[in-house]
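Here the structure is laid out as structure tokens; the discussion comes afterwards.
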Amino acid sequence: VAVDVDTGRYSRTAREEYPIFSNKLPSFEYSIYECVDQEEVFVGGLKNPSGLALSRDGSRLFVAESGGRILAYEVETGALLHSIDLASQGYTSIGGLTISPETGNIYFVDMNTNQVVMVDKAGFTFCTYQSVANPEFQTALAAAKAQVESECAGVSLSLTRDYTCQVDGTIPNGTLFEQVHTDGYASDNPDVQSMAGMDAAAALLANRTDCEYDGDLNFDALLLGGYYCHVCLPRNDGSSCDAGGSCANVQWEGFTCDNEFFIDIDESKGILVASSHYFDKTYDSELELVAGVTYRFTVSTGAANPVLISEMPDYLPVLTIASRSIEPSDAVSNGPILLKTDSSTPNVLYLTSPGAAALKLTINGGADASAWGLRDPTTSSATSFFSATTAATLVCAALTLVSFL
């Protein structure tokens with residue numbers, strides 16, 4: 001079936017008909033559109049189709065049959081251009097299909113062998129083909145579309161549109177919606193699933209601890225009720241905090257972590273600053289941490305001011321270990337730095353950047369920094385080194401994080 005996604009007309013809300021996919025929060029709104037332009041049968045006669053992919057130029061559609069065949073169709077006409085017999089090569093369980101945007105080669109999943117197999121386009125002649133579309137028809141259709149658009153304002157010509165179609169705005173009985181969101185989602189108090197805020201009744205979900213698989217708590221209720229950090233949700237109380245971190249729920253928005261800090265530069269003062277959504281605080285001189293926790297520093301200082309974690313308050317692109325020099329992971333200007341700490345981690349480290357004064361990291365429970373031979377910031381001649389056996393593991397990744405807040 002081929003559907004033009006940019007067509008159709010709004011019919012009605014889907015809340016009452018499909019209550020399991022929505023909740024009472026107004027932002028959970030789903031709509032039903034009708035009268036879309038579609039070809040009810042773009043391609044027929046397929047045998048167990050299991051995947052499809054468009055060519056890089058969008059002119060051909062490749063369809064996989066699970067039994068071991070890939071068919072190439074022209075998108076404009078639906079004409080079959082070529083077929084690839086893979087069953088004769090032992091591939092009789094195609095489970096998915098994609099095309100490389102770089103090379104144009106076809107890749108498919110063979111479920112029998114649990115392998116991803118590449119079909120090299122160089123071995124097939126259909127990679128270049130002659131369109132079977134009638135050029136005279138194409139010219140006439142383009143002229144007809146232009147005429148309709150010029151003579152009928154706001155109307156376009158489509159060969160796949162049912163011009164007699166009328167949307168049906170009738171909303172079915174809402175009893176099922178109320179049943180699902182009252183009995184199924186643990187509370188009919190609007191404050192549990194609305195923007196009104198938290199009150200004593202809304203805390204019904206927040207304070208539930210019956211997390212067992214055979215308990216009465218509906219886990220969908222937690223998510224649809226705006227609880228993204230909860231003792232009953234998997235992985236660190238339902239959050240994605242790094243190891244050792246605790247989360248705090250921010251209803252309808254997400255959650256915050258006590259081991260995540262956002263790093264930027266205060267240009268007016270020329271210093272690095274850290275901010276925490278969890279504590280709702282900003283730190284501009286010292287940040288106290290606890291050994292045994294992995295901390296995430298999300299940096300957004302810009303390319304001119306990369307950030308490193310160092311044992312000295314100076315930004316040094318090269319760290320020295322004894323008489324050997326090593327190059328650390330690339331400094332980060334837009335993305336995360338992960339610092340894994342334990343009792344052997346120096347109790348003093350620094351977030352450093354070439355364009356700003358350092359931010360001191362005090363690690364309670366860490367090792368005495370003086371035992372590491374680290375330079376006293378007030379002494380200019382001491383030698384610095386960073387032990388290769390330290391458990392302070394710095395992982396710098398050039399990622400862009402999407403914050404929940």
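For residue 165, the accessible surface of its heavy atoms amounts to roughly 30 Å² (probe 1.4 Å, protein chains only, rounded to the nearest 10). Note on residue 277: accessible area approximately 90 square angstrom, rounded to 10, probe 1.4 Å, nucleic acids and ligands left out.
Sorting 315, 213, 18 by solvent-accessible area of protein heavy atoms yields 213, 18, 315, largest first, with a 1.4 Å probe.
Extending 7 Å from Cα along the Cβ direction at residue 88 and again at residue 42 yields two label points whose distance is 2.9 nm. Given an 8 Å cut-off on Cα distances and at least 6 residues of separation, report the relative contact order of the stretch 266-320 as a percent. Contact order relative to length: 16 percent.
Using a probe of 1.4 Å, the accessible surface attributed to residue 232 totals some 10 Å² when neighbouring protein chains are kept in position. Relative protection proxy for 261-268, 349-356, from highest mean packing down: 349-356, 261-268 (other beta-carbon atoms within 10 angstrom). Inter-label distance, residue 114 to residue 281: 4.9 nm, where each label sits 7 Å from its Cα along the C-beta direction.
In terms of accessible area, using a 1.4 Å probe and ignoring ligands and nucleic acids, 69, 9 rank largest first as 9, 69.
Gain on full extension, evaluated as 0.36 nm per residue between residue 219 and residue 4 minus their Cα-Cα distance, stands at 73.8 nm. Of 5, 132, 63, 167, the order by accessible heavy-atom surface (1.4 Å probe, DNA, RNA and ligands excluded), from most exposed downward, is 5, 132, 167, 63. Here the scattering of the stretch 24-164 is modelled by Debye summation over its C-alpha atoms, one equal scatterer each and no solvent; at q = 0.08, 0.09, 0.20, 0.21 Å⁻¹ the log10 of I(q)/I(0) is -0.34, -0.42, -1.16, -1.23.
The values are calculated or read from the model by the stated rules, or taken from the named source; none is laboratory data. What you see is a predicted model; the values in this text were computed from it and never measured. Quick reminder, even Gly has a Cβ in these numbers, built from the backbone with ideal geometry, and neighbours come from all protein chains shown. Note: accessible area is taken over every heavy atom of the protein model, side chains too, but ligands, DNA and RNA are not part of it. Shrake-Rupley method; radii C 1.70, N 1.55, O 1.52, S 1.80 Å.
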